[in-house]
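Visitor: Below are the structure tokens for one structure; questions will follow.
The values are calculated or read from the model by the stated rules, or taken from the named source; none is laboratory data. For clarity, every value in this text was computed on a predicted model and none was experimentally measured. Backbone-built Cβ (ideal geometry, glycine too); neighbour counts: all protein chains shown. The area values use the complete protein model at the heavy-atom level, side chains included, leaving out ligands, DNA and RNA. Shrake-Rupley method; radii C 1.70, N 1.55, O 1.52, S 1.80 Å.
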Amino acid sequence: MSNPFKKAGTQGEAAVQAINTPTFRQTMLQYKASPLSLALRILVTAAAILTVAVLLFLVAYIVIMGLPNLKPSLFELEFTSENASLLPALINTVIMTVLSLVVAVPVGIFSAIYLVEYARRGNKLVGVVRITAETLSGIPSIVYGLFGYLFFVISFGWGYSMIGGALTMAIMILPLIMRTTEEALMSVPDSFREGSFGLGAGKLRTVFRIILPSAMPGILSGIILGIGRIVGETAALMFTSGSVAKVAVNPADSGRTLAVHMYNLLNEGLAREAAYATAVVLLVLVVGINALSSFVAKKFTKA
């Protein structure tokens, strides 16, 4: 059986030896010779520590405040004034995510394929599309909500509905998916394309059999970021899908997502404990989605 104290002593000796290496001493001399470099290193390190500390504080606060309030009654199918169940909002969140992705993912991926693989280099249309996508990415969500309200709710006469909210969210995440997919496709080496063409494959076959599988980890990253934005959105959905605390049976029904549910509970002030519990579920959902995306991306990378 290995001695842990001996192991710790060995690691300490290794650390001392690393500090006494000429490379480390040379690096410290460079920092002393250039105070600006030392100040920048301290600033970058402090920023990293602050970022991690804020994240840990938020997670700890949500878990401490919400975990004791998680009860089986919060996962009942019916929402009542006595029981602020979050299960209908959770189901509506899944429905909203699926409907939004069904619209945004194909349009975003095919648009990126056209811009990278089919559009001629130097085409002015490509520049216009990219500038438009970047502009749309910077628009506040409340503006999307007002657009969805005027266009889908009022002009189309759909009222507050899941389909109206899903189309609004699809417009919101479309630039994100398109730009990340475009960057992923551009990162695929040209040798892959040349090798495929040299073996006699056509353009379409090369794109779907060679390029897309190679760029899949980057594409999945964009999709996961889009899912995170859908799950955490409130302003745009309040103006389009409404805040009815029931499961949306069909896309024309109104329904609230988890984020809207949590906002309404806090705003009303009648079920703050349930709002904290909803925050825990929302946190677990986001962490689970990110973990799943990392797992799938690694699988595609190994394949």
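Visitor: In the stretch 247-270, what count of residues is obtained for those that are buried (at least 20 other Cβ atoms within 10 Å of the Cβ) and under 14 Å from residue 66 (Cβ atoms)?
Guide: Total satisfying the criteria: 4.
Visitor: Looking at the stretch 119-135 only, could you name the residues that are surrounded by fewer than 11 Cβ atoms within 10 Å (Cβ to Cβ) and under 19 Å from residue 211 (Cβ atoms)?
Guide: 120, 121
Visitor: Kindly provide the set of residues from the stretch 124-145 that are in contact with a Ser or Thr (Cβ under 6 Å, 6 or more places away or on another chain) and either under 18 Å from residue 111 (Cβ atoms) or without any contact (Cβ under 8 Å) to a residue 12 or more places away in the chain (or both), ordered by number.
Guide: Listed by number, the list is empty, since nothing qualifies.
Visitor: Quick one: residue 152 ticks every box in (1) without any contact (Cβ under 8 Å) to a residue 60 or more places away in the chain; (2) aromatic (Phe, Trp, Tyr); (3) open to solvent by less than 50 Å² (accessible area, probe 1.4 Å) bar one, so which box is it?
Guide: Status for residue 152: all satisfied but (1).
Visitor: Please pick out the residue among 93, 51 that is within 22 Å of the chain's Cα centre (by Cα), open to solvent by 50 Å² or more (accessible area, probe 1.4 Å) and modelled with pLDDT of 90 or more.
Guide: It is 51.
Visitor: Sticking with this structure for a sec: Return yes when residue 259 is part of a helix (DSSP H, G or I) and of a type outside the set (D, E, K, R) and no when it is not.
Guide: yes
Visitor: What are the residues in the stretch 62-77 that are in contact (Cβ under 8 Å) with a residue 24 or more places away in the chain and of a type in the set (D, E, K, R), if any?
Guide: Correct list: 71 only.
Visitor: Given the criteria at pLDDT 90 or above, hydrophobic (A, V, I, L, M, F, W, C), under 30 Å from residue 211 (Cβ atoms) and open to solvent by less than 80 Å² (accessible area, probe 1.4 Å), does residue 113 qualify?
Guide: Taking the combined requirement at face value, the residue satisfies it.
Visitor: If you take the residues of the stretch 161-210 that are surrounded by fewer than 18 Cβ atoms within 10 Å (Cβ to Cβ) and in contact (Cβ under 8 Å) with a residue 24 or more places away in the chain, which of them is nearest to the chain's Cα centre (by Cα)?
Guide: My answer is 183.
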